[in-house]
1. How much accessible area per residue does the range 2-128 have, in Å², with a 1.4 Å probe?
2. Roughly what % antiparallel, to the nearest 5, for the DSSP beta bridges in the range 2-128?
3. Could you look at the range 1-117 and say what percent of its accessible area is carbon and sulfur, using a 1.4 Å probe and all protein chains?
4. How many angstrom lie between the Cα centre of the range 298-345 and the Cα centre of the range 35-93?
5. Within 10 Å, count the other beta carbons around each residue, average over each peptide in 167-173, 342-348, 307-313, and list them highest first.
Amino acid sequence: MLNKLSGWSDTIVALATPPGIGAIGVIRLSGPGAIGVTNRLFPSKDLTAQPSHTLHVGLLKQEGEALDEVVVALYKGPRSFTGEDTTEISCHGSPYIQGRIIEACIAAGARLARPGEFTQRAFLNGKLDLAQAEAVADLIASNTAASAKTALHAIRGGFSAALRQLREGLLQFSALIELELDFSQEDVEFADRTRLRALLGEARTLTTQLLDSFRLGNVIRNGISVALIGRPNAGKSTLLNALLNEERAIVSAIAGTTRDTIEEVLNIDGILFRLIDTAGIRSHSSDAIENAGIEKSRQKLAAADLVLCLFDAVGTEPVELQELEEELQRGGKPWLLVANKVDTGALPALREKWAHRGNVVFISAKSGTGVDALKQEMVDRVLQGAAETESAIVTNARHYAALQEVQRSVEDVLNGLDSGLPGDLLALDIRRCLHYLGEITGEITNEDQLDYIFSKFCIGK
Ligand code: GDP
């Protein structure tokens with residue numbers, strides 16, 4: 001079945017390290033001819049006679065011309081990433097040399113790999129399941145510690161193991177129920193309905209947990225967008241600069257000069273925050289340009305995952321915030337009140353003044369006081385109520401969609417059991433559930449779907 005896919009028996013080559021100048025570059029070959037092709041370019045030693053997992057230093061030559069002095073690593077299948085014979089040529093990090101070596105490998109019998117083809121082969125050889133293979137792409141694309149950790153967790157098995165176990169349990173039941181159909185005249189029940197119900201209960205818990213984790217997974221993967229709102233002169237630009245520790249937005253004492261929305265990215269404890277500096281939400285402005293800015297602010301507010309509401313702790317009266325707070329309450333997003341300019345007043349008195357508001361963070365954007373506490377509060381808001389970050393987290397939209405289908409079919413089977421649905425219909429619902437479970441781990445898949453998934457990888461992976 002799967003290993004009849006095209007391009008299966010040939011040897012592929014690609015640069016495994018980023019293109020451009022570096023200290024070293026690694027060119028990887030995989031396939032039945034990987035060692036033979038490399039050997040044709042490596043005159044100093046017979047690589048085909050060497051044991052697996054060894055390193056060899058020597059000159060790489062094409063038709064007598066030296067290309068580079070390299071180190072060749074040998075991995076014999078199935079003990080390699082792809083499960084096939086693999087070599088890795090570490091050469092000097094010049095794009096010219098790398099290009100020459102890849103050309104030489106092609107001339108010696110390899111072909112250029114398609115995007116993701118190394119990982120695709122690893123999947124087809126059973127070295128990784130589909131969820132793990134996709135996590136490889138995530139790991140490469142990850143740019144924070146938290147996203148790398150989630151991707152790594154998925155590569156090492158993540159939730160696949162739990163889903164596979166569930167699938168096996170359900171497979172047994174579907175076989176038993178189908179067996180009952182053969183004996184339909186005799187009115188027997190091979191499949192223990194109580195145990196089936198218990199298994200479905202477990203399935204429901206697991207899928208709900210995984211579906212819930214998607215929100216946090218998404219946050220870790222894509223970052224959380226933060227709308228920074230407040231009246232003109234509240235200190236939004238100053239705070240943005242304090243958070244970013246550099247002067248990016250234009251700070252001005254003239255009310256309403258931050259006209260456009262500027263997006264900046266901040267990495268706090270491995271979570272990406274996309275800070276959107278808005279034009280403020282002053283509702284009655286006569287300035288046409290600023291009105292456009294305000295409209296944009298409202299749009300950004302709608303798209304934000306977290307709202308920071310900044311105000312002048314000294315110059316603002318609690319009653320003035322009422323309208324804004326009501327609007328935020330209606331919006332239903334997590335939000336924080338940030339009392340700024342505490343350097344212009346006495347902190348105890350300010351705490352007293354704002355005490356009834358509960359969760360207020362006191363800062364001075366100008367001096368930096370309280371900015372670290374604010375960052376911590378932002379992280380807490382994101383992780384609030386979230387499952388332990390060590391546990392499995394669904395970050396992939398394809399898995400999420402399939403899990404929703406799993407959940408739906410689990411409900412259908414449960415309802416079917418309750419209403420005494422005949423075995424053949426019950427078996428249909430279980431099959432549907434099995435199908436979607438299998439889609440996640442790749443037990444059920446088709447060539448188009450695979451090509452689509454792996455085409456999103458970069459070449460060399
Ligand atoms: P925005 O309109 O909300 O973006 O406000 P800005 O960041 O442009 O700040 C308006 C004015 O308040 C500027 O003159 C800032 O220097 C000043 N400002 C901002 N934060 C603080 C603060 O924490 N303490 C004091 N004393 N002044 C501040």
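The values are calculated or read from the model by the stated rules, or taken from the named source; none is laboratory data. Predicted model only: the values in this text are computed from it and were never measured. A quick note on method: Cβ atoms are made from the backbone with ideal geometry, for glycine too, and the neighbour counts reach across all protein chains shown. These accessible areas exclude ligands, DNA and RNA; they are computed on the full protein's heavy atoms, side chains included. Shrake-Rupley method; radii C 1.70, N 1.55, O 1.52, S 1.80 Å.
1. Values: 5720 Å² over 127 residues.
I get 45 Å² per residue for this part.
2. Values: 25 of 27 bridges.
The answer is about 95 percent antiparallel.
3. Numbers: 3350 of 5590 Å².
Accessible surface attributable to carbon and sulfur in the range 1-117 totals 60 percent.
4. The range 298-345 and the range 35-93 have Cα centres spaced 62 Å from each other.
5. Details: 167-173: 17.7, 342-348: 14.3, 307-313: 23.6.
Highest to lowest by the protection proxy: 307-313, 167-173, 342-348.
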